[in-house]
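Inspection log for the structure reproduced underneath, given as structure tokens.
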Amino acid sequence: MDKNKESIKSPILQRIKRIIDENEKSIRAFSLRIDSNPMTINSLFARESNPSYSTINAIACAYPKISMEWLILGIGEMYLDKAREGNENFDKLCDPEETYGDIGSVTEIEYLRSENARLSNMVGRLEGKVELLQEQLGYPKKAETFKGKSA
């Protein structure tokens, strides 16, 4: 990696660089371990952009002894004690095929998709109720709010 820790301005990238230096020694090895493209990780450092949630989640899964509080916020020690080991909730986070709660063989992703659809339908019904209430209260219709031009 071209940049040393001192030239990296982003605190979270400094901490990721420390993980790489202490564990993998190269971005390529780090990328393989977190199941990411090395170019993606290189671009994070080149642009000094913050990592996405999925990148942080991948780091959490690949390095279960690294404190996420330390990684994200810089609080506490880099390495956790053994408290996280055997934590079933953490294990589920790292296994996308893990079943979700007590709903049988439905994976978390399938559950979240169905929950998203259910909530989208609920939002649609609530929007309809809001429009009906606005009409009853004499609010102008959406198309009328721009002086006769449709929105």
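Just so you know, all these numbers are worked out from the coordinates, no wet-lab data involved. Since this is a predicted model, take the numbers as computed values, not measurements. In this analysis, Cβ positions are derived from the backbone assuming ideal geometry, glycine residues included, and neighbour counts consider all displayed protein chains.
Taking the Cβ-Cβ separation of Leu73 and Thr40 as r and a Förster radius of 25 Å, what is the calculated FRET efficiency to the nearest 0.05?
Details: r = 23 Å, r/R0 = 0.91.
Given R0 = 25 Å and the Cβ-Cβ separation, E is 0.65.
Report the local net charge at Thr40: Lys and Arg +1, Asp and Glu -1, summed over other residues whose C-beta lies under 13 Å from its C-beta.
Working: positive: Arg28, Arg47; negative: Asp35.
Local net charge: +1.
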